[in-house]
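Let me begin by presenting the structure, written as structure tokens, before commenting on it.
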Amino acid sequence: MIASFVLLFLIVALAGYLIGVYNGLVRVRAAVKLAWSNIDVLLVQRHDELPKLVEVCKQYMQYEADTLERVMRARAGVDAARSSGNVNSLGGAERELRSGLTGLYAVAEKYPQLKASEPFQHLQERISALETAIADRREVYNDAVNTNNVRIDAFPDVLVARLGDFPPAQLLHFQSEQTADVDLQAAFSRH
């Protein structure tokens, strides 16, 4: 009889432990989704600000259509990557957008009235603030992904992860030129 109670206790303890592991994996997977959602919100906000910036610039930069179109094409690329949730293509699209914005800001230097306009200054500050927030959220996202991936690879969580369909998440990587400071001198020499 005592052996039955011990066996029952061990079964209940093992079931409780497995439930705890499963719930922990659910929490880290939800943290990855939440972190991505926070990036997504900021990407959408920036996406909404870019046409306003281009419109303000159009009023002053009649002969710079290529620069403005480049920003809008890059914006569309980021939106497509964001909408699909494709972390790998988002990195390349972000690089193109950053390059386009650098070019736009460099060309804006040739238009003192544009640089001095309140709408341009406001939008430039807003977009810069969003860029900083996106970089901060990207770090939080990568931390959540790392936690998730370590949990699903560590024993004994790996056993529950494989049975419970917990795939690894992708880190949001950027190439060195995407994280380096903008070379304004090179940007000005192109325009």
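Of all residues in segment 108-133, those satisfying the criterion of being surrounded by 12 or more Cβ atoms within 10 Å (Cβ to Cβ) and hydroxyl-bearing (Ser, Thr, Tyr) are TYR111, SER117, SER128.
Here LEU97, LEU34, LEU43, LEU18 are screened, and the one residue that is out of contact with any Gly (no Cβ under 9 Å at 6 or more places or on another chain), within 26 Å of HIS122 (Cα to Cα) and in contact (Cβ under 8 Å) with a residue 24 or more places away in the chain is LEU43. Total residues in segment 55-79 satisfying the condition of being closer than 15 Å to LEU43 by Cβ and free of Cβ contacts under 8 Å to residues at least 12 places away in the same chain: the figure is 1.
Look at ARG27 and say whether it is crowded, with 18+ Cβ neighbours inside 10 Å and basic (Lys, Arg). Here the answer is no, as ARG27 does not meet what is asked. The set of residues from segment 99-134 being of a type in the set (Val, Ile, Thr) and within 23 Å of the chain's Cα centre (by Cα) comprises THR102, ILE127, THR132, ILE134.
Condition check for GLN62 on (1) outside any helix (DSSP H, G or I); (2) crowded, with 18+ Cβ neighbours inside 10 Å: one failure, at (2). Each residue in segment 80-94 was checked for being surrounded by fewer than 18 Cβ atoms within 10 Å (Cβ to Cβ), free of Cβ contacts under 8 Å to residues at least 40 places away in the same chain and within 19 Å of LYS33 (Cα to Cα), and 5 pass.
Every read-out reported here was derived from the displayed coordinates using simple, explicitly stated rules and does not represent laboratory data. As the structure is a computational prediction, the values presented were derived from the model and not from experiment. Neighbour counts are summed over all protein chains in view; Cβ atoms, including those assigned to glycine, are modelled from backbone coordinates with ideal geometry.
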